[in-house]
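Here the structure comes first, spelled out in structure tokens, and everything after it is commentary.
Values quoted throughout were computed directly from the atomic coordinates according to the rules given, and no laboratory measurement underlies them. It should be emphasised that the depicted structure is a prediction, and the values quoted were computed from it without experimental measurement. In this analysis, Cβ positions are derived from the backbone assuming ideal geometry, glycine residues included, and neighbour counts consider all displayed protein chains.
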């Protein structure tokens with residue numbers, strides 16, 4: 001391959017100028033996921049420390065703590081509190097722990113880390129804050145933790161709500 005003259009001169013059929021253009025994504029990177037209600041949310045990738053797929057039996061229940069907390073897990077020597085994000089946001093249906101793995105999004109701010117257990121992680125997407133709108137019809141229990149929403153399919157009413165991970169971490173609800 002190195003002896004191939006086309007390789008050394010950067011010419012040849014593989015060097016089509018259209019193929020050399022690299023698309024620069026617009027916006028910022030966000031992690032998209034669903035809570036048990038079926039509503040879709042996003043978190044900025046910059047606030048996410050790690051994503052953990054954990055067996056429910058690896059989350060240790062802790063007595064006499066907030067009902068929002070499922071327990072703790074040990075991830076690479078660090079103890080992380082795990083919360084049911086759906087219930088934290090005010091949904092009544094708890095996360096189904098009767099399954100092989102639970103998706104946990106570990107968010108961090110100023111040394112404080114919290115694992116947010118969600119129903120299903122969709123993946124990442126580049127989204128622009130220029131397209132974000134004020135959140136409509138958000139319950140009072142959820143509103144303080146939202147930064148806005150994207151209208152993905154207006155005809156179907158499909159929205160993607162952006163969570164403020166710092167507001168979630170700093171919430172007084174964890175003491176209840």
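Counting every other Cβ atom within 10 Å of each residue's Cβ, 174, 150 order from fewest to most as 174, 150. Once C-alpha pairs closer than 8 Å and six or more residues apart are averaged by separation and normalised to the residue number of the chain, the relative contact order reads 24 percent. Overall shape: rounded for segment 46-111, with the ratio a/c of the largest to smallest alpha carbon gyration tensor axis below 1.5. Using 0.36 nm per residue and subtracting the Cα-Cα separation, the extra length available between residue 173 and residue 97 on full extension is 25.2 nm. Would any residue of segment 86-126 have its amide N under 19 Å from a label point 7 Å out along Cα→Cβ of residue 45? List them or say none. Zone members listed by number: 104-109, 121-126.
What does DSSP give for the chain in terms of the percent of beta bridges that are antiparallel, rounded to the nearest 5? So the antiparallel bridges in the chain amount to around 85 percent. Computed over the chain, the per-residue total of -39500 (n - 2.57) for DSSP H runs of n ≥ 4 gives a 222 nm mean residue ellipticity of -1500 deg cm²/dmol, rounded to 500.
The length gained by stretching the chain between residue 79 and residue 29 to full extension, at 0.36 nm per residue less their Cα-Cα distance, is 15.3 nm.
Extending 7 Å from Cα along the Cβ direction at residue 166 and again at residue 143 yields two label points whose distance is 2.2 nm. If a spin label sat at a point 7 angstrom from the Cα of residue 112 along the line to its beta carbon, the backbone N atoms of segment 32-57 nearer than 18 Å would be those of 44, 47-50.
When the Cα gyration tensor is reduced to axis lengths a ≥ b ≥ c, the ratio a/c is 1.5 or higher for segment 119-176, and with a/b above b/c it is classed as prolate.
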